[in-house]
1. Find which of B:ILE68, B:TYR40, B:VAL138 sits farthest along the positive direction of the dipole of chain B, computed with +1 on the beta-carbon of Lys and Arg, -1 on that of Asp and Glu, about the Cα centre.
2. Any idea which of B:CYS29, B:LEU49, B:LEU17 is furthest toward the positive side of the dipole for region B:17-59, if Lys and Arg beta-carbons carry +1 and Asp and Glu beta-carbons -1?
3. Any idea what angle helix B:97-110 forms with the longest principal axis of chain B, computed on alpha-carbon atoms, 0 to 90 degrees, nearest 10?
4. State to the nearest 20 debye the size of the charge dipole of region B:93-215 about its Cα centre, where the only charges are +1 on K and R beta carbons and -1 on D and E beta carbons.
5. Within the protein assembly as shown, how many lysine pairs that are 8 or more places apart, or on different chains, have C-alpha atoms less than 28 Å apart?
6. Obtain the nm distance between the two label points defined at B:LYS206 and B:PHE55 by a simple spin-label model: each point lies 7 Å from its Cα along the Cα-to-C-beta direction.
7. Points 7 angstrom from Cα along the Cβ direction at B:LEU173 and B:ALA103: gap in nanometres?
8. Using the Cα centre as the reference, give the magnitude of the dipole from point charges on the C-beta atoms of the protein assembly as shown (Lys, Arg: +1; Asp, Glu: -1; all else neutral), rounded to the nearest 20 debye.
Amino acid sequence: TVDGKYHDEL
Amino acid sequence: MNIFRLAGDMTHLLSILVLLLKIYATKSCSGVSRKTQELYAIVFLARYLDLFTDFISVYNTFMKIVFIASSLAIVWCIRVHPMVKRSYDKDLDTFRHYLLVAASFLLALFLHEKFTFLEIFWAFSIYLEAVAILPQLVLLQRSGNVDNLTGQYVFFLGAYRGLYILNWIYRYLTEPRFTRWIACVSGVVQTALYADFFYYYFISWKNNSKLKLPA
């Protein structure tokens, strides 16, 4: 996760 | 989720199913680079370390498990299954792929979104995936004629990241703060590496001839 943002892509 | 990313994930899944079909149907891995399969297993293991800590969606978790399990199963088949193992041509699959692992990890130590264990391994997996196809492409050039399933496997594998590029363009245009430079630049490099394969694949499809990569 980067600044709360998940890596939402595969 | 947008149509480009879903199409990309489905194309990626299709490439894995085609490869599994080829190995299962022909009980052979001729024309398949074990090293590329090993690199992809490392890519998925390094990228999905957050499998149990970050839940994003059922789809996301399910696909991560499918990619990890299938890549390990394929490496197991080529290394252990007696019938398949016999058809592996180690004299053709000579790319020094550990150099790709070392270079990708080094780059990840310098270029990452955040200096944390998960982010460094995530960046490492992105860089490694960009070059993971190299042993396979070298092997195809050496092994001359390429069987249909192996050719389709490489085609779908190359196409999936191309669809992801459309996904990144779409997200960049529709989401205010969307920037994924590491994944985008790496994805463009990855897709570009398939350029000559795509060209010869298209020629063979147009002339309805066997796929042959020039040595």
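1. Farthest towards the positive pole: B:VAL138.
2. B:CYS29
3. 10 degrees
4. 200 debye
5. Step by step, the pairs that qualify in the protein assembly as shown add up to 26.
6. My value for the distance between the label points is 5.1 nm.
7. Calculated label separation equals 3.4 nm.
8. My answer is approximately 660 debye.
Taken together, the values in this text are just the output of simple stated rules run on the coordinates, not laboratory data. All values derive from a computational prediction rather than experimental measurement. Glycine also receives a Cβ, built like all others from the backbone with ideal geometry; neighbour counts cover every protein chain displayed.
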